[in-house]
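Novice: One structure follows; several queries about it will come next.
The values are calculated or read from the model by the stated rules, or taken from the named source; none is laboratory data. Being a predicted model, the structure only gives us computed values, none of them experimental. As a convention, Cβ positions derive from the backbone with ideal geometry for all residues, glycine included, and neighbour counts pool all protein chains shown.
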Amino acid sequence: MQRPLRLLPVIALIVLGAFLAACGGSDLASDPGQVLADAKQQPAGPAKSSLQIQFTPQAAAVSGADSSGADGLMSALTGGPISITATTQGDVATALAADAKLTIGPIDVPVSIRTTEDNAYLQAGGAWYETGSPLGIDVGSLTGAVGDVSKLVRDPKAVAVEDVDGIQCDRITGTIDPGAALTEQLSGLASNLPIDLSALAKGDAEVSIWVGRSDHVIHRVQINTAGSGDAAATSGLLLDVTTVPSDAVVVQAPADAKPISDLLSGVLGQGGGDGLGGLLGNLDLGQLLGGAGGAGGLDLGKILGGATTGSST
């Protein structure tokens, strides 16, 4: 009877160790600040990534709209979450395949992009359009838009070891420093879209960074300006991007591609008052998506340059 009793402490330690290992508590990064300081952007070359942006316009921004005509329709459309999702794969310097979808209320607007070394093609409404020249997007890391993560995150904490597309990563969380470069960039959205980004100025916006344990590369970034919970439930912004290495893709020029001018005049509407362009003009999505040439827009050009997903033409 004595021997089994002597084994009880040993058994208890084994069970406790297994429990801690399962929870990840015994394997967390001991110095989250150093993890961020050592973090690197995705190196040049083929990659695959995903992007999610989601927000709900502030009620006050749409409640004053005229209940009839375009204002009434816009009010109805913006009464629920607006989201942008995108996935791409490849390298814009050689070949890139990207698929995206803009969702506004009950409306889904799917878009596909294929690029070669000397041209780019956009699919909308089931038809392909030729731009006539490369997109010129920097194929740097998708996560590169956040800048220096060691300066971005305040009070970093290691909370878990998680898998990002097969890569073991330290997940470091904290709040966005109001003085970070990304804060100014995101704040520019407030002038283009009715989103409450006051959490940025207050230093309350939440951020999580996933850094590879073996390669020290940033593979995922998530920003939530609405605080805890789903950003779509409030007027805050949820931004979630991932990027990992991938194989290159082969892109062939779509047959019967039309000039891009046909899309701009037909789908978007001439004069800005008709068609989809007139409707979306109230949200100034051009500045939101263009960023690089607009006033205060989020530079999704850089983001989509590194975002990469799975299909090719």
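Novice: Would a scan of the range 199-214 turn up a residue that is farther than 30 Å from residue 28 by Cβ and modelled with pLDDT under 90?
Specialist: From the range 199-214, those farther than 30 Å from residue 28 by Cβ are 201; that's our starting set.
Next, from what is left, pick out any that are modelled with pLDDT under 90: 201.
Yes - at least one qualifying residue is present in the range 199-214.
Novice: Would you call residue 240 in the same structural domain as residue 53 (by TED's automatic domain parsing), modelled with pLDDT of 90 or more and surrounded by fewer than 21 Cβ atoms within 10 Å (Cβ to Cβ)?
Specialist: yes
Novice: For residues that are in a strand (DSSP E or B), farther than 23 Å from residue 48 by Cα and not aliphatic (A, V, I, L, M), tally how many sit in the range 164-185. Write out each step before concluding.
Specialist: First, pick out the residues of the range 164-185 that are in a strand (DSSP E or B): 164, 167-176.
Next, from what is left, pick out any that are farther than 23 Å from residue 48 by Cα: 173-176.
Pick out the ones that are also not aliphatic (A, V, I, L, M) and you get 173-175.
Total satisfying the criteria: 3.
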